[in-house]
């Protein structure tokens, strides 16, 4: 049995301790935000916040989340509405397929939490480990800068 | 998939069953009641009038549009959302022609039991085929509704106005679409006689309406097939052989059966798979089975470095005269210039690995949720693979990670179906590992292009000779199980059919092989090789990327040889006005004429009209080349785009910009590596793609052509970008690079050679 906080609510799951956190989130806890992309911490699409730090959930055993607080894309919503950062992604139409968006937004949230007024270079460097195949990079950077500006 | 165009509201679950749909719609007066499978019978009879776009082959109005009693409208289309924004664009058109608010629209796309069959969503065909069909169907339904209103209100049609489905006559008499349709059964074939609105009368069309699917994607509402988790789900894992043609000699199935959570191990010839209750259990059992299995492995691949030589020395199945226009008279050339170009294999490299869910119902129907681009033809191929009647397989499109062509979506659908029939009543989910997706997807084919030009004393082209050497670019399912990966490994295997090269006007290996420039003599030969060392299929642009890279590099070489400006030299041979416009607009926006050379920096241009029939696009790039380490930095990019009448300008910008960045990634970094037995590029470390730090600012200049046909855009910037990059690197270094990708090692070697 592993217990942790998921998007501010306590959860308990009876799963193998070495099961990847990502699989537990998506298969056992009904989280849609974090996505499987590579299983090797190379693409960032599975990124979630664990106690505020961006973590690759595909390569993190669920046991590592025990007693901690896990935040996924859904958890960023504020009163059921998109957060400022999520709204900035919508306003900038910062996607084509949008598969990488969850990881991008989580990674960007981690950046904004520790650096609320990042430069464009700060954003690019914070997101450099998150892969986008559609070529939405510049829109994504604009969305993060927009959210920072509107803060 | 279904999409609800409620303002800003996230979409509900990604799949709406047929029954739920009917319930949601209440009384359906424009009834659409095609039974499962009958959609296939909707073929055009030759005597009937030609209709616009896909209406030609799906002629019933009620196949496209339903007016629902709950004051909504359902739009059904056969083209599917791949992240290219097609569903938003056709929703804009539908709402405009019907005079309704977009928020009233519900969209169902790509369901073999419900929607029109519009073939494959590919080749930049969605706007040319689907959009005119939606436009004319909507206009015609509006005319029918006005006719009904005229009778109901006892007023002539010309006296009526419509706003958001409410029809008003003189003196304020009103009725609505929803009132009018109650009790009417309107199963009508389109006549093609309706008159769509003038561009100036549109409310949505021509505006950058935000994409309908984006809010869900940014807030974590389930919308992708990868996110679906139906109750009672089993996870499947297919154990791929170590190499393409390896045979499974022996395996102890109990190795898998003993693993935790395993429900079933399936072996059918060399097809080996496992079903488990948990995803990580399926993966662990699959990997244990792989380790326990003995395979007969073949050798004989040409290897990464041997590929250019292999292409030019292998006997082609056909040598196709794609064009042969000999020069009529005139002097012999004073000089002949020759060059050879190479593009390697590329991956689609979707960020999310391919996935599908299949369930065999009590009625024996296998229902598959898939991100396939070709639900109808894939359903047919799967039904043949399973030896089931066609109507026993239903495919429903649900969005997936961007595919950029034929990736493993169809293989995942087939694998899920193969396992679902083993466990009737249980939904079976497949999602490949990264290694499986990287190593087994059908790549964009490697190509060699040999060019030769005879020029006059001023360096003008007299004779243009262009020879393409390529393996196939199309092995989509196409209703044939031999094109589904796992079907080839069954105990009774399906043979892969010999791929064909597509002919005019779209072509395949020779797509964009005919330069749009007008040369006195012009010959294009396509050496079409059907043998496939690596698995290949449609990858964004097919042969266009390699061919445009060669054409636009070579014309650049000729311009430099003639001492001419590359833009001016191109314009000399380009008579097509829209093409000229595209080149000039890109050059102006880039500041081509004002640009001043600095050490280590260069500029380059590339142009193509995709397929010579779709969108026009010119790309200018500025680069900086570090001559010491060979690194290329792209400093900025400017592109022009003429896609005809613009429906959603930001959608076009997004496609051009995204295609440009993806093409930079191909050109700078990408090459599938393989040795004599197997593919070695198995993850993002061994097959790197462009990252944030490497992406330049991109400026897109749109050229709108109101009233002109909609031209496809999705693949327009791939070719021009590759060439613009090589041209800019030449400008920066004086060295011409003809073999891709332009990795630091290759550039450094070229500069010191």
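Quick check on segment B:371-387. Is at least one of its residues over 30 Å from residue B:472 (Cα atoms) and not assigned by TED's automatic domain parsing to the domain that holds residue B:76? Scanning segment B:371-387 turns up no residue that is over 30 Å from residue B:472 (Cα atoms) and not assigned by TED's automatic domain parsing to the domain that holds residue B:76. When we screen B:210, B:116 for residues that are within 14 Å of chain A (Cβ to nearest Cβ), in contact with a helix residue (DSSP H, G or I) (Cβ under 9 Å, 6 or more places away or on another chain) and not in a helix (DSSP H, G or I), the only hit is B:210. A single member of B:530, B:526 is part of a loop (DSSP other than H, G, I, E, B) and in contact (Cβ under 8 Å) with a residue 12 or more places away in the chain, and it is B:530. Residues that are within 14 Å of chain A (Cβ to nearest Cβ) and part of a loop (DSSP other than H, G, I, E, B) within segment B:641-650 comprise just one, B:648. You will find that of B:415, B:456, the residue that is over 30 Å from residue B:265 (Cα atoms) and modelled with pLDDT of 95 or more is B:456 and no other. Among the numbered conditions (1) in contact with a helix residue (DSSP H, G or I) (Cβ under 7 Å, 6 or more places away or on another chain); (2) within 7 Å of chain B (Cβ to nearest Cβ); (3) more than 19 Å from residue B:430 (Cβ to Cβ); (4) surrounded by fewer than 24 Cβ atoms within 10 Å (Cβ to Cβ), the only one that residue A:33 does not meet is (4). The sole residue among B:282, B:362, B:339, B:291 that is surrounded by 23 or more Cβ atoms within 10 Å (Cβ to Cβ) and either in a strand (DSSP E or B) or at pLDDT 95 or above (or both) is B:282.
Right, residue B:407: surrounded by fewer than 23 Cβ atoms within 10 Å (Cβ to Cβ), closer than 30 Å to residue B:513 by Cβ and either at pLDDT 95 or above or within 14 Å of another protein chain (Cβ to nearest Cβ) (or both) or not? The answer is no for residue B:407. Selection of segment B:57-87 for residues being assigned to a helix (DSSP H, G or I) and touching a helix residue (DSSP H, G or I) at 6+ places or on another chain (Cβ under 7 Å) yields B:61, B:86. Residue B:412: within 14 Å of chain A (Cβ to nearest Cβ) and either more than 21 Å from residue B:87 (Cβ to Cβ) or part of a helix (DSSP H, G or I) (or both), yes or no? So residue B:412 fits the description; yes. Residue A:40 meets each of the listed conditions (1) buried (at least 17 other Cβ atoms within 10 Å of the Cβ); (2) within 9 Å of another protein chain (Cβ to nearest Cβ); (3) touching a helix residue (DSSP H, G or I) at 6+ places or on another chain (Cβ under 7 Å); (4) under 27 Å from residue A:137 (Cβ atoms) apart from (1). Taken over segment B:150-185, the criterion of being surrounded by fewer than 17 Cβ atoms within 10 Å (Cβ to Cβ) and part of a loop (DSSP other than H, G, I, E, B) is satisfied by B:154, B:156, B:164, B:173, B:182, B:183, B:184, B:185. From the list A:146, A:124, the one residue that fits, being within 7 Å of chain B (Cβ to nearest Cβ), touching a helix residue (DSSP H, G or I) at 6+ places or on another chain (Cβ under 6 Å) and part of a helix (DSSP H, G or I), is A:124.
One residue alone among B:95, B:91, B:109 is crowded, with 21+ Cβ neighbours inside 10 Å, at pLDDT 95 or above, touching a helix residue (DSSP H, G or I) at 6+ places or on another chain (Cβ under 9 Å) and under 20 Å from residue B:393 (Cα atoms), and that residue is B:109. Residue B:677 meets all of the listed conditions (1) buried (at least 18 other Cβ atoms within 10 Å of the Cβ); (2) away from every other protein chain (no Cβ under 12 Å) but one, namely (1). Within this structure, residue A:48 passes the test of being more than 17 Å from residue B:433 (Cβ to Cβ), more than 10 Å from chain B (Cβ to nearest Cβ) and buried (at least 24 other Cβ atoms within 10 Å of the Cβ). Name the single residue that is nearest to residue B:692 (Cα to Cα) among those in segment A:1-43 being in contact (Cβ under 8 Å) with a residue 60 or more places away in the chain and touching a strand residue (DSSP E or B) at 6+ places or on another chain (Cβ under 7 Å). The selected residue is A:34.
Being farther than 27 Å from residue B:282 by Cα, at pLDDT 95 or above and either at the interface with another protein chain (Cβ under 10 Å from one of its Cβ atoms) or assigned to a loop (DSSP other than H, G, I, E, B) (or both) is a description that applies to residue A:93.
For residue A:117, the conditions (1) within 7 Å of another protein chain (Cβ to nearest Cβ); (2) touching a residue at least 12 places away in the same chain (Cβ under 8 Å); (3) over 27 Å from residue B:662 (Cα atoms) all hold with the exception of (1). Here residue A:134 meets the list (1) more than 7 Å from chain B (Cβ to nearest Cβ); (2) touching a helix residue (DSSP H, G or I) at 6+ places or on another chain (Cβ under 7 Å); (3) modelled with pLDDT of 95 or more almost entirely, failing just condition (1). Screening residue A:109 against (1) more than 20 Å from residue B:209 (Cα to Cα); (2) surrounded by fewer than 21 Cβ atoms within 10 Å (Cβ to Cβ); (3) in contact with a helix residue (DSSP H, G or I) (Cβ under 9 Å, 6 or more places away or on another chain) leaves a single unmet condition, (2). Give the number of residues within segment B:258-279 that are at the interface with chain A (Cβ under 10 Å from one of its Cβ atoms), without any contact (Cβ under 8 Å) to a residue 40 or more places away in the chain and either within 21 Å of residue B:424 (Cβ to Cβ) or assigned to a strand (DSSP E or B) (or both). So the count comes out to 1. Of B:623, B:653, B:701, B:672, all but one fail to be away from chain A (no Cβ under 14 Å) and not in a strand (DSSP E or B); the exception is B:672. Looking across segment B:233-257, just one residue is assigned to a helix (DSSP H, G or I) and buried (at least 19 other Cβ atoms within 10 Å of the Cβ), and that is B:256. Among the numbered conditions (1) more than 9 Å from chain B (Cβ to nearest Cβ); (2) farther than 30 Å from residue B:714 by Cα; (3) surrounded by 19 or more Cβ atoms within 10 Å (Cβ to Cβ), the only one that residue A:72 does not meet is (1). Has segment B:710-729 got any residue that is outside any helix (DSSP H, G or I) and within 20 Å of residue B:601 (Cα to Cα)? No, that holds for no residue. Considering only residues in segment B:612-638 that are out of contact with any strand residue (DSSP E or B) (no Cβ under 8 Å at 6 or more places or on another chain) and surrounded by fewer than 24 Cβ atoms within 10 Å (Cβ to Cβ), the one that is nearest to residue B:569 (Cα to Cα) turns out to be B:612.
The values are calculated or read from the model by the stated rules, or taken from the named source; none is laboratory data. The model shown is predicted, which means the values in this text are computed figures rather than measured ones. Every residue, glycine among them, receives a Cβ derived from its backbone with ideal geometry; neighbour counts consider all protein chains shown.
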